[in-house]
Structure formats: C-alpha cells, structure tokens
C-alpha cells in the first residue's frame with residue numbers, strides 16, 4: 001500500500017520550467033515533469049504529548065523500558081511537553097499511552113513539499129545590473145521595476161516614512177538556503193538545521209532554493225543592485241525544516257516554530273503547509289511489501305493529537321512575542337466547505353493565514369489592478385486572515401513577448417513574483433527569476449509585520465493583528481470575505497498607526 005502523501009509547500013506541482021530571458025526565437029532550456037523524489041525509508045516517528053505540568057524525565061525513562069523494536073529517543077522539549085521518538089513497531093502508541101503522565105501519542109507524519117507550479121529563471125546573474133531603470137524613486141535597485149509586489153503592499157509609502165525594518169528579526173522556516181547569495185548574506189544573523197544528514201545550505205538538484213526566494217522577498221538588501229525586500233533592513237534567522245528534496249517530519253515544523261520564538265524572532269514566516277486528512281488512513285512506514293509495520297492512522301485520535309502538538313508550539317510562540325505567518329495553500333480549495341482535510345500550520349492557533357492575489361496582463365499594462373485573487377489560492381472566510389501578492393495567471397497563458405525592466409520574456413511570467421533563489425552549483429552563479437504561490441504571498445505579509453516591529457520594538461502579536469486589521473484595504477466583498485479575509489496587507493497605512 002502507498003504511504004499517505006501529505007503536501008507541504010504551498011503549490012501543487014505540475015511542471016517546473018527553467019528558462020533564460022528570451023526573444024521571440026528563444027526556447028525553453030529545460031522542461032521537466034515535477035516528480036517528487038521517493039521518500040527515503042526510516043523508522044516511523046511519534047510525538048508523545050505529556051500531560052500539563054508533567055516532568056518529561058519520568059516519561060522518557062518509562063518509554064525506554066517498553067518492549068518495542070528499534071526504539072530511539074530523539075528529543076524532549078519540557079517547555080512544550082513534547083517528546084519525539086522513532087520506532088517501526090506499530091504497537092508502540094498503545095503501549096506509550098499507558099504511561100501515567102502521557103496525554104496522547106501522535107504519528108509524526110512526513111510532509112512531502114512541492115515546488116511552485118511555475119518557476120522561471122532569468123539569465124541575469126546576481127552580480128550584474130539590469131539594463132532597465134527602476135520605476136521606484138525610493139528603491140534604486142534596477143530589478144525593483146519588476147517587483148510589482150512592492151507597490152501592491154505599499155512598501156514605498158512605508159519607506160518614505162522612514163520604516164524599513166531596522167531592528168526587526170524575521171525567521172524563515174523553509175527548505176535549504178543559498179547562504180552566500182549577496183542579496184541577503186549581510187542580513188543573515190543566525191541559521192539552524194532540523195534535517196538529519198543535511199546542512200542549512202541548499203544543494204538541491206532543482207537549482208531553485210524556495211527558501212532563498214522567500215527570504216529575498218522579505219529582506220533583500222537595498223544596495224543599488226538587483227532586487228530589494230519589503231523590509232530591506234530587517235535581519236534574517238534561516239531555519240531549515242524541510243530537506244532539499246522537499247520532505248520533512250511534522251515535528252520539524254514544531255521545532256522550527258519553537259526555535260524561532262526562543263531565539264528572539266519577531267516574525268516567523270512559514271511558506272509551507274501540510275494537508276492533514278480528516279479521515280483514517282494506513283501508513284506503511286515506507287515498506288509497502290512488509291505489512292508487519294503498517295499503522296492505521298486514525299483521524300479522531302492521531303491526526304487530532306498532531307494538531308494539539310503544533311498548537312502547543314504556536315501558542316508558545318505567540319505568548320513569547322513572535323507573530324506567525326503561514327501560506328494558505330494553492331489548491332483553490334474553499335475551506336468554508338472543504339471537509340476532507342485542512343492545511344496546517346495556516347489553520348493552527350495564533351497563525352495568520354495569507355491568501356494570494358496578483359495582476360493579469362501587468363507586463364502589458366502596469367496600471368492594471370494588482371488585486372485579483374490568484375487562480376490557485378485556497379480561500380475561505382473562516383480560514384483566510386489577509387491577502388498579499390503571490391502572483392497570478394489565467395488560461396490560455398499570454399505568451400506574447402514583452403520587455404519590462406530591461407528583461408524580455410513571455411507576458412504572463414511578469415505576473416509572478418520576481419526575486420532571487422536560483423543557483424547553478426557547478427558554476428556557483430546566482431541568478432534571479434519568478435515564482436508564484438501563496439508561498440510568495442506570505443513573505444510579503446511577514447515583511448510588513450517586520451516594518452511594524454521596526455517601528456515598535458515592544459509590540460506583540462495581538463497588537464500586530466489589531467494594526468493589520470485596521471490598516472488593511474477592504475478588497476473583495478465588503479467586510480471579511482473568503483479571498484482577502486480582513487483585507488489586503490498595506491504597509492504604508494500599517495506604519496502610520
């Protein structure tokens with residue numbers, strides 16, 4: 001039987017395209033079906049949730065005495081009351097639940113993330129300027145002419161008032177990062193890796209570091225070259241919670257949230273999401289030909305317990321002053337009616353869930369509206385907190401050739417989010433490109449929150465939410481609506497409070 005495959009990063013993969021900026025005669029350099037790498041076999045993980053106030057030492061001692069196969073104690077977090085273990089033995093959960101101070105046991109499901117549906121690389125290396133001139137008088141970075149997202153969230157208005165994120169710290173929970181990319185390197189103050197056998201530095205075969213694109217959207221330097229982040233003076237804490245192939249255990253997300261809060265992050269951006277099923281399914285532990293280690297994951301027990309575990313982390317972070325931002329997901333699901341599953345961490349307690357919107361035809365008409373709900377975004381009046389720019393497209397795709405900011409390309413690509421994140425490991429050359437998804441919308445929102453922390457260093461998540469609600473633009477249906485939630489994020493108005 002097949003392992004239940006839970007989504008992680010916020011876009012259903014259909015195809016990855018890597019291309020050079022083109023003329024009418026240029027061709028796509030590489031087109032590859034977006035197939036996920038097979039999940040490496042490892043013993044199943046479990047999260048033990050301790051009762052309130054219980055001492056974990058006693059529980060771990062009792063766990064070590066259980067007669068289960070290949071038992072490994074991986075970590076224990078007293079502040080969250082969580083213990084992480086590994087064992088292929090399907091009898092372990094029931095045995096562990098008999099320990100007096102154990103509240104519940106949850107399967108530590110593995111998230112299989114997916115790259116954005118369409119990703120495009122330019123042939124402009126990071127160390128070279130574009131031929132175009134920035135249309136933004138407050139940002140002298142040439143490629144900012146391609147960053148319509150800055151205008152969407154009114155970043156220049158916030159900059160004009162003197163707020164650029166100075167003093168704010170933003171944690172980015174993602175896959176691997178391009179740590180030497182000069183657009184973000186000076187702003188990186190701390191890194192952490194929660195993926196065994198890998199390092200924080202990205203080495204994926206795709207050549208596209210999703211986490212670097214996200215980090216650049218937040219805090220790329222304002223240095224007269226390339227792109228600029230919404231909060232270019234904010235500092236970055238880069239936390240690797242997914243491997244370079246895109247997978248990671250649910251506990252890695254929990255560890256990342258806790259780490260961000262413990263290390264002083266004002267904001268934690270999570271451009272990732274797992275669809276937790278509202279049903280019972282069988283986990284084969286990565287060994288489909290061996291039914292002896294199969295485990296039936298029950299929604300009313302295992303899945304709900306996993307939600308309890310992540311809620312402990314999100315509540316902890318919120319109470320310790322870290323504002324949590326998460327991508328809403330990109331399957332165009334209406335979560336006001338969808339009953340099969342729900343996306344986490346966007347649905348977790350204390351998390352601000354961000355939908356995506358963007359223009360159509362911006363490469364031809366830069367005055368077109370920037371606020372069309374994206375064709376792919378998940379939505380729901382009770383699920384979405386705010387909207388932010390994440391890119392857009394429609395069918396049929398407009399493949400006419402246009403030039404914007406010194407780059408010639410297909411028109412529809414300019415409706416995506418432009419930033420860093422592309423890397424040729426063989427030549428060690430960094431380049432720019434486009435990506436689309438709620439993964440790109442979330443960092444715009446996180447960066448606006450960073451501007452607030454830059455203005456008010458002692459602000460807390462409750463006040464952040466209050467300011468965002470008062471300052472957001474009410475697009476869509478009047479009042480709270482399924483696509484914009486409380487409204488579109490507006491940096492210029494937010495820093496005016």
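The values are calculated or read from the model by the stated rules, or taken from the named source; none is laboratory data. Since the structure is predicted, the reported quantities are computational estimates derived from the model, not experimental observations. As a convention, Cβ positions derive from the backbone with ideal geometry for all residues, glycine included, and neighbour counts pool all protein chains shown.
Under the condition of being farther than 28 Å from residue 93 by Cα, without any contact (Cβ under 8 Å) to a residue 60 or more places away in the chain and crowded, with 24+ Cβ neighbours inside 10 Å, the residues counted in segment 291-344 number 0. For segment 127-160, filtering for residues that are out of contact with any helix residue (DSSP H, G or I) (no Cβ under 8 Å at 6 or more places or on another chain), modelled with pLDDT of 60 or more and assigned to a loop (DSSP other than H, G, I, E, B) leaves 3. Do we have residue 36 as modelled with pLDDT under 80, within 28 Å of residue 293 (Cβ to Cβ) and in a loop (DSSP other than H, G, I, E, B) here? So residue 36 fits the description; yes. The criterion of at least 3 residues that are in contact with a helix residue (DSSP H, G or I) (Cβ under 9 Å, 6 or more places away or on another chain) and closer than 24 Å to residue 209 by Cβ is met by the following strands (runs of 3 or more DSSP E) wholly inside segment 376-480: 417-424, 429-435. Restricting attention to segment 103-126, the residues being modelled with pLDDT of 60 or more and closer than 30 Å to residue 471 by Cβ number 0.
Can you tell me which residues in segment 69-81 are touching a helix residue (DSSP H, G or I) at 6+ places or on another chain (Cβ under 6 Å) and buried (at least 17 other Cβ atoms within 10 Å of the Cβ)? The answer is 76, 80.
Could you tell me which of the residues 307, 352, 342 is closer than 19 Å to residue 274 by Cβ, modelled with pLDDT of 95 or more and within 21 Å of the chain's Cα centre (by Cα)?
Working: 307 fails: modelled with pLDDT of 95 or more; 342 fails: modelled with pLDDT of 95 or more.
352 is the lone residue from the list that is closer than 19 Å to residue 274 by Cβ, modelled with pLDDT of 95 or more and within 21 Å of the chain's Cα centre (by Cα).
When we screen 253, 189 for residues that are surrounded by fewer than 24 Cβ atoms within 10 Å (Cβ to Cβ), in contact with a strand residue (DSSP E or B) (Cβ under 9 Å, 6 or more places away or on another chain) and not in a loop (DSSP other than H, G, I, E, B), the only hit is 189. Given the structure, is residue 476 modelled with pLDDT of 95 or more, surrounded by fewer than 23 Cβ atoms within 10 Å (Cβ to Cβ), touching a strand residue (DSSP E or B) at 6+ places or on another chain (Cβ under 9 Å) and at positive phi? Answer is no for this residue.
Tell me the residue from 211, 204, 226, 216 that is farther than 30 Å from residue 161 by Cα and either surrounded by 24 or more Cβ atoms within 10 Å (Cβ to Cβ) or in contact (Cβ under 8 Å) with a residue 24 or more places away in the chain (or both), please.
Values: 211 fails: farther than 30 Å from residue 161 by Cα; 226 fails: farther than 30 Å from residue 161 by Cα; 216 fails: farther than 30 Å from residue 161 by Cα.
Exactly one residue qualifies, and that residue is 204.
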